[in-house]
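A.B. asks: So that we are looking at the same thing, I have put the structure below in structure tokens.
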Amino acid sequence: MISALNGQIGLAYAFVEREIALSKRYWAWEIVWLVYGIVTSLSVAYIGLAAPAISGGQVDEAAVSHFVLYLLVGTIAWRFLGIIFENIGEVIAWERWEGTIEYTFMSPVPRLTHLLGMCGATLVRSVTFSIAILAAVALFVPVDLSKANALSAVVLLAVGALAFIGLGIASASFPLMWTEKGLQMAYIVQAVVLLVSGVYYPVEVLPGWMQLLATISPATYVIRGMRAALMDGADLATLWPEIWPALIVGVLSIPLGLRLFIAVERYAKRTGRLKRSG
Amino acid sequence: MAIEIAPRRPGPQVTTHSRDALVATAVTKHFRTDNKTRRAVDDVSLRVGRGEIYGLLGANGSGKSTLIRVFSTLLIPDAGDVRVFDRDVQADELAVKRLINRVSVEASFFKKLSAIENLVYAGRLYGVAPDEAKRKALAILRRLGVDVERVNEPLEKLSRGMQQKVAIARAFLTAPMLLLLDEPTTGLDIRSKREVQTFIRDLRIEHDATIVLTTHDLDEAERLSDRIGILHEGRLVAEGTTDELRARYGAAALEDVFMTATGKRLDEADEPERAK
Ligand SMILES: Nc1ncnc2c1ncn2[C@@H]1O[C@H](COP(=O)(O)OP(=O)(O)O)[C@@H](O)[C@H]1O
Ligand SMILES: [Mg+2]
């Protein structure tokens, strides 16, 4: 039992090691993504700093720094969740492009272990990126985290990661089902989630139907909760209303996403879509 | 130097008393593309004994790769079933995966990773520890005539022939009980081709490896296989040792056997509108 578990961890680790090796070889691209991430977050922070100038009204200093932090928490938390969703969602598309997909699928690795390994690799990446972005932004803009409740923030990010892993696994199956346009569909889903989840603004400003979508997006809860945790120091008890909906999404979407993935894998093997397109 | 091809950990998944390495029964596979249905494999039954090298000879588009993919769990057949060392490839997928490996026409690696990185990764997926994977991989590559100085270069920098040899090392280092070689020498220069063929033949002598090999090279089929199956438009139209086939068709050479069995010369039998 224990040794079987160890065996599976060893198999999952193969994917983590592979992804790290790939990151090293594709380092120039990693730099690109990192610079993009930093620049996006920094630009958004400057929008906050420029609030008095842009609005032409009187905004006091405290309000400005509150606004900057509001934007920064949104953009960095979104980056964290987005990397998870993208990386997991690209599991198939990426290996198709490399041409290795048949070898991965032929290997004696249970699908769950494979995907957990990829999640491990993704978490290494999303945590590293988020910390690097935060550190870089803090060099330029004052970031006041004096009131932050770190434990609450970590728990929220963990819950958010679960939810996005599940959604990522589900959307990773799109390219198996629709060889041509599957990946594009996943990106559109992601864009819509960005729009409705209140990453840069309270969802209340959105039209009613978008607010409806916001209630089913786990990012809405995670980001709102992150703001409360980092800006007001909210503890876990206070944050429970934000935690449970995201937790439910995670707890449901991981097993459902995995089932969908396995079903679609079978479909791909029946129709010859694993490797060939069309 | 001998290469360990015997099962690496004797365990329930590899101790099998089956004398047949592979039994395929009435395997049929269709593909639908652009509303056209095409029968890639048509009612193929074959049996490969343990320790045998079975050569599947056929023109481009005759269904060789499709059949290999069915054997290697990458395609689910429409009808028929396949057993590898007495395990059903559908029902017992994971156990079958542990027993097999495959070399395809395309080398299929992470192009930016080095040969060694690719091989260590592949080894890990089969539970081979990195050190052991390196040691075995280097031994195999040396035998295949690869300059092992280059194993740390990104794979995309290696020639097609070298990449194919790395692909062969990847398959061997997991010590498969059944090795599926899908046109392992297609596209290689004469020298690499010979090196690969010699390697396969040597393994045949040193170990009781079971190999299913596809080719559209008559000479290769004859040189390497104990038995040959001729595949034509998805159907297995003839099967036997070269001598048996020649006797049965009253032919002087395998080429003539192919002619008689399929009605075409091998180089003319290629599927005309083949997309890739
Ligand atoms: N995944 C697939 N999707 C659609 N058609 C396929 C697929 N794989 C093979 N085919 C078709 O099946 C036939 C047999 O192909 P294949 O098995 O690759 O032949 P071979 O390996 O002998 O050249 C061809 O007509 C080919 O175009
Ligand atoms: Mg082929």
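The values are calculated or read from the model by the stated rules, or taken from the named source; none is laboratory data. Not measured: the values here are computed from a predicted model. Cβ: placed from backbone, ideal geometry, glycine included. Neighbour counts: every protein chain shown. Surface areas here come from the heavy atoms of the whole protein model, side chains and all, with no ligands, DNA or RNA. Shrake-Rupley method; radii C 1.70, N 1.55, O 1.52, S 1.80 Å.
A.B. asks: Working from Cα positions, state the angle (0 to 90°, nearest 10) between the long axis of helix A:150-172 and the longest principal axis of chain A.
C.D. replies: On a 0 to 90 degree scale, this one is about 40.
A.B. asks: Take the alpha-carbon centre of segment B:31-108, take the same for segment B:155-183, and report the distance between them in whole Å.
C.D. replies: 18 Å
A.B. asks: Give a quick list of trypsin sites (Lys or Arg not before Pro) in segment B:106-206 that DSSP marks as loop, anything other than H, G, I, E or B, with at most 15 other Cβ atoms within 10 Å.
C.D. replies: For trypsin sites (Lys or Arg not before Pro) across segment B:106-206 that sit outside H, G, I, E and B with at most 15 neighbouring Cβ atoms in 10 Å, the list is empty.
A.B. asks: Sticking with this structure for a sec: Against the longest principal axis of chain A, how steep is helix A:236-271, in degrees 0 to 90 to the nearest 10, with axes from Cα atoms?
C.D. replies: It works out to around 30 degrees.
A.B. asks: When we measure straight from the Cα of B:LYS29, which lysines land under 26 angstrom away, once same-chain ones fewer than 8 places off are left out?
C.D. replies: Counting by Cα, and skipping residues close in sequence, B:LYS29 has these lysines nearby: A:LYS181, A:LYS269, A:LYS275, B:LYS64, B:LYS97, B:LYS264, B:LYS276.
A.B. asks: A further question on this structure: Please report how far the C-alpha centroid of segment A:1-42 lies from that of segment A:125-177, rounded to the nearest whole angstrom.
C.D. replies: 15 Å
A.B. asks: Still on this structure, I have one more. Testing the spin-label approximation: label points 7 Å from Cα along Cα→Cβ at A:HIS66 and B:ASP267. State their distance in nm.
C.D. replies: Modelled inter-label distance: 8.3 nm.
A.B. asks: Further, regarding this structure: Using the membrane-span-like helix rule (whole DSSP H runs, Cα extent along the own axis of at least 18 Å, mean Kyte-Doolittle hydropathy at least -0.5), which helices of chain B qualify?
C.D. replies: B:160-173
A.B. asks: Please list, or write none, the aspartates and glutamates whose alpha carbon is within less than 14 Å of the alpha carbon of B:LYS165, excluding same-chain residues fewer than 8 places away.
C.D. replies: B:GLU106, B:ASP147, B:GLU156, B:ASP182, B:GLU183, B:ASP189, B:GLU195
A.B. asks: Next question. Give the distance, in whole Å, between the Cα centre of segment B:131-149 and the Cα centre of segment A:83-114.
C.D. replies: After rounding, the separation between the Cα centres reads 27 Å.
A.B. asks: Specify the angular offset, from 0 to 90 degrees and rounded to the nearest 10, of the alpha carbon long axis of helix A:2-25 from the longest principal axis of the alpha carbons in chain A.
C.D. replies: Its long axis makes an angle of about 70 degrees.
A.B. asks: For B:THR241, what charge total do you get from the other residues with a beta carbon under 15 Å from its beta carbon, if Lys and Arg give +1 and Asp and Glu give -1? Provide the component values of the computation, followed by the final result.
C.D. replies: Details: positive: B:ARG47, B:ARG204, B:ARG223, B:ARG227, B:ARG246, B:ARG248; negative: B:GLU52, B:GLU222, B:ASP226, B:GLU239, B:ASP243, B:GLU244.
That works out to 0.
A.B. asks: May I pose another question? Could you identify which residue out of B:PRO176, B:PRO77, B:PRO130 has the top mean-square fluctuation in a GNM of chain B using Cα springs shorter than 10 Å?
C.D. replies: B:PRO130
A.B. asks: Hey, could you pull the Cα Rg and Dmax for chain B, both in Å?
C.D. replies: Taking only Cα atoms of chain B, I get Rg and Dmax of 18.4, 53 Å.
A.B. asks: If you don't mind, there's one more thing I want to ask. Once a ≥ b ≥ c are taken as the square roots of the eigenvalues of the Cα gyration tensor of segment B:100-174, is the result rounded (a/c under 1.5), prolate (a/b larger than b/c) or oblate (a/b not larger than b/c)? Intermediate values should be presented prior to the final figure.
C.D. replies: Details: a/c = 1.36, a/b = 1.24, b/c = 1.10.
It comes out rounded by the Cα gyration axes.
A.B. asks: Another question, then. Short version: ³J(HN,Hα) in whole Hz for each residue of segment A:203-215, in order, from phi by Karplus 6.51 cos²θ - 1.76 cosθ + 1.60 (θ = phi - 60°), x for Gly and Pro, what are they?
C.D. replies: Running phi through 6.51 cos²θ - 1.76 cosθ + 1.60 with θ = phi - 60° gives 5, 4, 6, 7, x, x, 5, 6, 5, 4, 5, 4, 5 Hz.
A.B. asks: Ignoring everything but the protein chains, give the 1.4 Å probe accessible area of B:LYS64 in square angstrom, nearest 10.
C.D. replies: It works out to around 10 Å².
A.B. asks: Tell me the net charge near A:TYR200. Cut-off is 14 Å between Cβ atoms, A:TYR200 excluded, with +1 for each Lys or Arg and -1 for each Asp or Glu.
C.D. replies: +2
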